[in-house]
Amino acid sequence: MPRVVVDVMPKPEILDPQGKAVQGALPRLGFTGVSDVRQGKRFELTVDGEVTDAVLEQVHQMAETLLSNPVIENFTVRIEDAAGAEVLA
């Protein structure tokens, strides 16, 4: 069954202290070659029935009003199959 995934990330101009903390910890743990880290949120929504344009519009509304803060965050909506592969809508 496909699921709708909403990825929420801080806007590029917004400071990301959690991402900076992870970036600082990576070299201390022996991981090199990472020049920047941004931390966000992922929401997986299982919907009843088929994922239609109307369902996707409703998910966009959910993301704008509840799942993200549009002042400081951007979001993307996509459909994934059970294996996690992106489904082209």
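The values are calculated or read from the model by the stated rules, or taken from the named source; none is laboratory data. As the structure is a prediction and not an experimental result, all values here were calculated from the model. Counting neighbours? That spans all protein chains shown, and the Cβs are built from the backbone with ideal geometry, glycine included. To get the accessible areas, we keep the full protein, side chains included, count just its heavy atoms, and leave off ligands, DNA and RNA. Shrake-Rupley method; radii C 1.70, N 1.55, O 1.52, S 1.80 Å.
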- Message: Any residue in segment 56-84 that is loosely packed, with under 11 Cβ neighbours inside 10 Å sitting within a Cβ distance under 8 Å of a residue that is assigned to a loop (DSSP other than H, G, I, E, B)? List the pairs, counting only those 6 or more apart or interchain.
- Response: 82/1; 82/2
- Note on the structure: The residue that is farthest from residue 70 (Cα to Cα), considering only those in segment 8-35 that are of a type in the set (A, V, I, L, M, F, W, C) and touching a residue at least 12 places away in the same chain (Cβ under 8 Å), is 22
- For segment 33-54 the number of residues that are closer than 14 Å to residue 3 by Cα and in contact with a strand residue (DSSP E or B) (Cβ under 7 Å, 6 or more places away or on another chain) is 7
- Odd one out for residue 52 among (1) modelled with pLDDT of 95 or more; (2) open to solvent by less than 100 Å² (accessible area, probe 1.4 Å); (3) among the hydroxyl-bearing types (Ser, Thr, Tyr): (1)
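Would segment 29-37 turn up any residue that is open to solvent by less than 70 Å² (accessible area, probe 1.4 Å), in contact with a Ser or Thr (Cβ under 8 Å, 6 or more places away or on another chain) and not hydroxyl-bearing (Ser, Thr, Tyr)?
No, segment 29-37 has no match at all.
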- Item | Selected residue (criterion: farthest from residue 12 (Cα to Cα)) from residues of segment 27-65 that are touching a helix residue (DSSP H, G or I) at 6+ places or on another chain (Cβ under 8 Å) and aliphatic (A, V, I, L, M) | 47
